[in-house]
1. Counting pairs of alpha carbon atoms under 8 Å apart in space and at least six apart in sequence, what relative contact order in percent does region 79-198 give?
2. Using Cα pairs closer than 8 Å and at least 6 residues apart in sequence, work out the relative contact order for the chain, in percent.
3. Label point 7 Å out from Ala19 along Cα-to-Cβ: which residues of region 58-75 have amide N under 14 Å?
4. Once fully extended, how much extra length lies between Ala166 and Ala135, figured as 0.36 nm per residue of separation less the alpha-carbon to alpha-carbon distance?
5. Could you calculate the FRET efficiency of Glu34 with Ile237 from 1/(1 + (r/R0)^6), where r is the beta carbon distance between them and R0 is 45 Å, rounded to 0.05?
6. Filter Lys218/Lys249; Lys54/Lys263; Lys118/Lys218 down to the pairs with a C-alpha to C-alpha distance above 24 Å, please.
7. Ser113 to Phe146: extension gain in nm, 0.36 nm per residue of separation minus the Cα-Cα distance?
8. Taking Kirkwood radius over Cα pairs in Å as the quantity of interest, determine which of (1) 23.1; (2) 20.8; (3) 19.5 was computed from the displayed structure.
Amino acid sequence: MNIAATLQTDITPEGDDYATVRRVIEMITEDYREQPGLEGIASRLGQSPTQLQKTFTRWAGLSPKAFLQAVTLDHAKRLLRQEALPLLETSFEVGLSGPGRLHDLFVTHEAMSPGEWKARGAGLTIRYGLHPSPAFPDEPDGMDAFEDMASRWPNAYYVEDREATAAYAARIFDPERWNPEEPLRVVLIGSDFQVRVWEALLRIPMGCAVTYSSIADKLGQPTASRAVGAAVGRNPISFVVPCHRALGKSGALTGYHWGLTRKRAMLGWESGKA
């Protein structure tokens, strides 16, 4: 998890707020094995838990608890992959009560178990296919997308199977099959903040568009529009997670990985279907 990505804001905290945020970050970074709670941190700083929660969340873009989870997860990843510790030892080393809590931490933030993450796809068969689409028709050969996927699961076994994946591709671009009762299940791998931004994108109705600052407001992070923009730009599942529905503060289309012409076309196509 890229913790730094969640700390980008439009302005920098000053005075007492700066000192508070700095001390909380230092405290959690140094004492994460103790898994300090909000009340304990607030008591050490001589502040109320409610005020501390508001101050830290306002400036850091996430709560003290979420920051602690991010730090804990980073250390757990290092222990699992670089030092090859077993799950039980890793759990205790990062201050968790057992593998069950470690499992919950990984599933919440990585959408996979710690064992699956450690294995990097070993024992997993991934079927993939390249299909023409109305949104991305000029993708040269799709190898960039495949290589990105393979880098996330380097030990998996890959099978090109267009027949198996054709139904998914057809469903993605057919609004009549967008049924909330039968959701398309996807794995989103990103930081806690990024995933919350992507979830916010999913709540934007078809044919509509919102600004980065509006998304930041809905996340309770009104000063984090720049960080929201960065998270939107790192969306790993374009169109399905509709990052094309996010606009700049003035309503300008701003950048898009596949070009503004395509972004305009996608918004126009959705407006006609809505």
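None of the figures in this text is laboratory data; all of them are computed from the coordinates on show. A quick note: this is a predicted structure, and the numbers were derived from the prediction, not measured. Ideal geometry is used to build each Cβ from the backbone, glycine not excepted, and the neighbour counts take in all protein chains shown.
1. Working: 104 pairs, mean separation 30.0, N = 120.
Result for region 79-198 is 25 percent.
2. Numbers: 325 pairs, mean separation 50.7, N = 274.
Relative contact order for the chain comes out at 18 percent.
3. The answer is none, because no backbone nitrogen lies closer than 14 Å to the label point.
4. Details: separation 31, 0.36 × 31 = 11.16 nm, distance 1.56 nm.
Here the answer is 9.6 nm.
5. Working: r = 37 Å, r/R0 = 0.82.
After rounding to 0.05, the efficiency reads 0.75.
6. Details: Lys218/Lys249 15 Å; Lys54/Lys263 36 Å; Lys118/Lys218 34 Å.
From the list (Lys218/Lys249; Lys54/Lys263; Lys118/Lys218), the Cα-Cα distance tops 24 Å for Lys54/Lys263; Lys118/Lys218.
7. Length gained between Ser113 and Phe146: 9.6 nm.
8. Structure-derived value, by its label: (2).
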